[in-house]
Amino acid sequence: MSKVLNALPVILLTLITLPISAQSEFYVAETGKDTGDGSLRNPLNSIPAALEKARTEKGDVVIYIREGKYILDKPVVFTPQDGNDSRQLSVKAYPGEKVILSSGIPLTLKWEPYKKGIMKARIDGNPVMDMLVADGQLRHMARYPNFDEKAVRFNGTSAQATAPERVKKWKNPTGGYLHAMHNHDWGDFHYRITGKNKKGELEMEGGWQNNRQSGLHPDNRMVENIFEELDAPGEWYYAAGEHTLYYYPLEGENVSKVLFESPQLKHLIEFRGTEATPVKNITLEGLELTQTLRTFMEPYEQLLRSDWTVYRGAAVFFEGTEHCALRNCYLHNLGGNAIFFSNYNRHSEVSGSHLTRIGASAICFVGDPDAVRSPSFEYGEFIPYEQLDHAKGPKSNNYPAQCLVYDNLIHSIGLFEKQITGVELSMSQAITVSHNSIYDTPRAGINISEGTWGGHILEFNDIFDTVKETGDHGSFNSWGRDRYWHPSYKTMESIVAKDPALILADAVRTTVIRNNRFRCDRGWDIDLDDGSSNYHIYNNLCLNGGIKLREGFYRVVENNIMVNNSFHPHVWFINSGDVFTRNIVMTEYKPIGVREWGLMVDYNIFTDSLSCATARKNNTDEHSIVTSVQFSNPSEGDFTVADDSEAITKGGFRNFVMDQFGVVSSRLKSIAHTPKMPTPIIIATHADDEVINWSGATIKSLQTLGERSATGMDSERGVYVVSVNALGGKLRDYVRPNDVILKIGTTTVNNLKEMQDALQKIDKSKDIEFIIFRTQKENKIVIPGKLLD
């Protein structure tokens, strides 16, 4: 004992004399001066000044920002000088204090009446006037139709938005914008009006914001920033030539007491590194980030063959980072994307943050197209098989991987752009998206643009109120238009038959979707579209839209619950390798164009005998069971079943946790919404669709969202060709499975009865022109009348 005591002074002396790597602290305050030393008593005035001080320090550094609103005139840029292997840097709000970083400059305005209740004020200088914020709330540019919070798209659309009679009323529409939905509701387009010609027609530039160039929707259009449309409370217009702001106050609003601000920057914070020299070990924490410019007219780039194009930028931009993080932040009132991970990023994260009122997407991971082997960039584009690079995986490391999106509340996004999502994954690998609540979005909650390069884990997310302004989509959506994929199904089928190794040449790792809760009321809960391959989908609670698998290979779907819905297999390949087992389904399967039912569709749990019997007619589900499924407490979101339920004892179903979906931090849980819970049906209902044989073709009215998705149609109209007799059918050289017949001669046919009526009236001694929707466009097909029984 005495020897130990005697040794203590030596140990303590040794500890005292060892060099200690102390943590340095610097402080930033609104009242500080950049000539100060950055201490608590003598703080600096700006983050860049604090970074300059921090770069001279060794060891870890913390920059505390004191309470206040910091207006940035340029983005704060972090480089490898700020965070590297020798130093960790933290930039955080001082404990208990509110720190706001914004590019919104306050406007000094002297208001005077204009007319019809409109006020006007002169603005000095030449600020960017693209967004107007009044006491923290976004105001709407003068627009037609007027803003309607209950309207489905763009808060109000009309075919009259670009009608000649309306355009004639506009003296000078230059600088205005046209926003329009894609004609199939696959996202949107945006145009800047550059003038109008002598005929009164609009001259515009734009339209590059969507990768499916199929034209604008004729009805779903909205124009803004037109002076003559300034006619509703809350609208504004800036006449740049006059340096004058016109504003129509809200009822009871005293404009002289309102703080008006206008954002000036596209980005607030940037991490700028490379794979060779990355930015490392920097954490931003507890900051409020707000007011950036809209970016829908910036240059966009294609995300391979997905439906997307994207602006590679955001309020917070990560490029070339390792172990960098944005934590516990609040991002709101942003004109474009909120957070963007571009190209090389490893082990970086976004966590504990609240993202709302975002103009475009919330969080994007997008790699470098040059890292992709044999890339193609439009739906109809392809590289001939002989020219394909057959090596597996990426060509370089210039893409995001091993990054984390955890415990984030994401809602009310896509204010200005509709081809957006809560979390976007493109040309990336092994991104974990866990315990996020994502809702109130115009398109998907999570979107994966293609198979490059898989390995993602999506778990414990709560995703609902999605696809609110678009169509043919899901709460989760993916595309898999990888190297082997081809717009011609027959060509693609021959490629994968000849060279099956190409199937997983891009989707090299399995993407896992597990333990999530999804609800989509305008599409599918889980939508694997166009060749999405190499997925394992299990333990998901699907509250409304079911699960869809289109084309693609090697999908294992097991132990999921599809409340009041079912399985939607579309256009499957021979030898797809797909597995669908131990799932609870509550209505009939909805197959479209399935010739072979994968590796296994069996051992499922049906809630009514008719649905099971229908499945068995397709030679599936030999061992599936039919049983009444009683969920524990569905009104409160508990869809577990009793341990002695036949679903478990005979069907092999296994309960999974029902109380861990979405955000986990108490701060976010207290404000996060949850989805509306459905009342489970007792007995499945069955559509009584009329199906007839027409000269060897099986046809029916196009009536379902699944048929619309399979064909690419814009709405449920026309006559759907289910199958064609390839041996004895008279029409085998003219119509194909998955065609939609829209017109016979001059007669439009919206359903089977109208087609039957039209066929009675034609002259069968002549050739008849048909309009058939095929391969995403209308085609004219001439069929000899003598073949038309």
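The values are calculated or read from the model by the stated rules, or taken from the named source; none is laboratory data. The model shown is predicted, which means the values in this text are computed figures rather than measured ones. Using ideal geometry, Cβ is built from the backbone for each residue, glycine included, and neighbour counts are taken over all protein chains shown.
For the range 359-368, state whether one or more residues are assigned to a strand (DSSP E or B) and either surrounded by fewer than 20 Cβ atoms within 10 Å (Cβ to Cβ) or small (G, A, S) (or both). If you could, list the steps in order and put the result at the bottom.
Quick first cut of the range 359-368, residues assigned to a strand (DSSP E or B) only: 363-366.
Filter once more, keeping what is either surrounded by fewer than 20 Cβ atoms within 10 Å (Cβ to Cβ) or small (G, A, S) (or both): none.
Within the range 359-368, none of the residues are assigned to a strand (DSSP E or B) and either surrounded by fewer than 20 Cβ atoms within 10 Å (Cβ to Cβ) or small (G, A, S) (or both).
For the range 604-623, the set of residues classified as hydroxyl-bearing (S, T, Y) and within 13 Å of S566 (Cα to Cα) consists of T607, S611, T614, listed by residue number. Among all residues of the range 198-212, there is none that is polar (S, T, N, Q) and surrounded by fewer than 22 Cβ atoms within 10 Å (Cβ to Cβ). Taken over the range 272-287, the criterion of being among the polar types (S, T, N, Q) and in a strand (DSSP E or B) is satisfied by T283 alone.
When we screen S632, S609 for residues that are exposed (fewer than 13 other Cβ atoms within 10 Å of the Cβ) and hydroxyl-bearing (S, T, Y), the only hit is S609. Going by the structure shown, is S478 among the hydroxyl-bearing types (S, T, Y), crowded, with 24+ Cβ neighbours inside 10 Å and over 21 Å from E551 (Cα atoms)? No, not satisfied. Residues in the range 487-507 that are under 30 Å from T441 (Cα atoms) and not charged (D, E, K, R): P487, A507. Looking across the range 72-96 at every residue that is surrounded by fewer than 16 Cβ atoms within 10 Å (Cβ to Cβ) and of a type in the set (D, E), the one that is nearest to L326 (Cα to Cα) is identified as D85.
Taking R327 as the residue in question, decide whether it is of a type outside the set (F, W, Y), within 30 Å of G380 (Cα to Cα) and either in the same structural domain as C364 (by TED's automatic domain parsing) or crowded, with 24+ Cβ neighbours inside 10 Å (or both). Steps first, please.
Values: of a type outside the set (F, W, Y): yes; within 30 Å of G380 (Cα to Cα): no; either in the same structural domain as C364 (by TED's automatic domain parsing) or crowded, with 24+ Cβ neighbours inside 10 Å (or both): yes.
When the stated conditions are applied, R327 does not pass them.
Could you tell me whether the range 505-515 includes any residue that is at pLDDT 95 or above, polar (S, T, N, Q) and touching a His at 6+ places or on another chain (Cβ under 9 Å)? Yes - at least one qualifying residue is present in the range 505-515.
Among the conditions (1) part of a loop (DSSP other than H, G, I, E, B); (2) within 27 Å of L138 (Cα to Cα), the only one that S306 does not satisfy is (2).
Looking at the structure I just gave you, is D644 part of a loop (DSSP other than H, G, I, E, B), without any contact (Cβ under 8 Å) to a residue 12 or more places away in the chain, assigned by TED's automatic domain parsing to the domain that holds D578 and not aromatic (F, W, Y)?
Spelling it out, D644 is indeed part of a loop (DSSP other than H, G, I, E, B), without any contact (Cβ under 8 Å) to a residue 12 or more places away in the chain, assigned by TED's automatic domain parsing to the domain that holds D578 and not aromatic (F, W, Y).
Applying the set (1) under 30 Å from N447 (Cα atoms); (2) charged (D, E, K, R); (3) in contact (Cβ under 8 Å) with a residue 40 or more places away in the chain to E298 leaves exactly one unmet item: (3).
Just need a number here: residues in the range 327-346 that are in contact with an Asp or Glu (Cβ under 6 Å, 6 or more places away or on another chain) and more than 20 Å from I671 (Cβ to Cβ).
Residues of the range 327-346 in contact with an Asp or Glu (Cβ under 6 Å, 6 or more places away or on another chain): 327-328, 330, 342-344, 346.
Next cut, more than 20 Å from I671 (Cβ to Cβ) only: 342-344, 346.
Number of matching residues: 4.
Can you say whether A163 is in contact with a helix residue (DSSP H, G or I) (Cβ under 9 Å, 6 or more places away or on another chain) and either surrounded by fewer than 20 Cβ atoms within 10 Å (Cβ to Cβ) or of a type outside the set (V, I, T) (or both), as far as the supplied structure shows? Against the criterion (in contact with a helix residue (DSSP H, G or I) (Cβ under 9 Å, 6 or more places away or on another chain) and either surrounded by fewer than 20 Cβ atoms within 10 Å (Cβ to Cβ) or of a type outside the set (V, I, T) (or both)), A163 does not qualify. For the range 215-241, which positions are outside any strand (DSSP E or B), touching a residue at least 12 places away in the same chain (Cβ under 8 Å) and out of contact with any Phe, Trp or Tyr (no Cβ under 8 Å at 6 or more places or on another chain)? Passing the criteria: G215, A240.
Taking I100 as the residue in question, decide whether it is at pLDDT 95 or above, assigned to a strand (DSSP E or B) and more than 25 Å from I282 (Cβ to Cβ). Even if it seems obvious, please write down each step before you answer.
Numbers: at pLDDT 95 or above: yes; assigned to a strand (DSSP E or B): yes; more than 25 Å from I282 (Cβ to Cβ): no.
Taking the combined requirement at face value, the residue does not satisfy it.
When restricted to residues that are buried (at least 17 other Cβ atoms within 10 Å of the Cβ) and under 27 Å from V316 (Cβ atoms), the range 97-126 contains 8. Note on the range 415-470: among residues that are among the acidic types (D, E) and farther than 23 Å from L216 by Cβ, the one that is farthest from the chain's Cα centre (by Cα) is E459.
Filter the range 148-202 down to the residues that are part of a loop (DSSP other than H, G, I, E, B), more than 28 Å from G712 (Cα to Cα) and β-branched (V, I, T) and list them by number. Give the derivation first.
From the range 148-202, those part of a loop (DSSP other than H, G, I, E, B) are 148-158, 163, 168-176, 183-187, 197-201; that's our starting set.
Checking which are more than 28 Å from G712 (Cα to Cα) leaves us with 148-149, 168-176, 197-201.
Answer for the range 148-202, where residues must be part of a loop (DSSP other than H, G, I, E, B), more than 28 Å from G712 (Cα to Cα) and β-branched (V, I, T): just T174.
Checking each residue in the range 518-541 for being crowded, with 24+ Cβ neighbours inside 10 Å, aromatic (F, W, Y) and more than 13 Å from G454 (Cα to Cα) picks out F518, W524. Being assigned to a loop (DSSP other than H, G, I, E, B), of a type outside the set (A, V, I, L, M, F, W, C) and buried (at least 20 other Cβ atoms within 10 Å of the Cβ) is the filter here; which residues of the range 247-271 pass it? Matches in the range 247-271: Y248, Q264, K266, H267.
Candidates in the range 651-704 are the residues that are aromatic (F, W, Y) and at pLDDT 95 or above; of these, the one that is farthest from P591 (Cα to Cα) is F661.
Being of a type outside the set (S, T, N, Q), under 24 Å from V657 (Cβ atoms) and assigned by TED's automatic domain parsing to the domain that holds D307 narrows it down to one of I413, I446, so name that one. Before the answer, list the steps.
On the way: I413 fails: under 24 Å from V657 (Cβ atoms).
Result of the check over I413, I446: I446.
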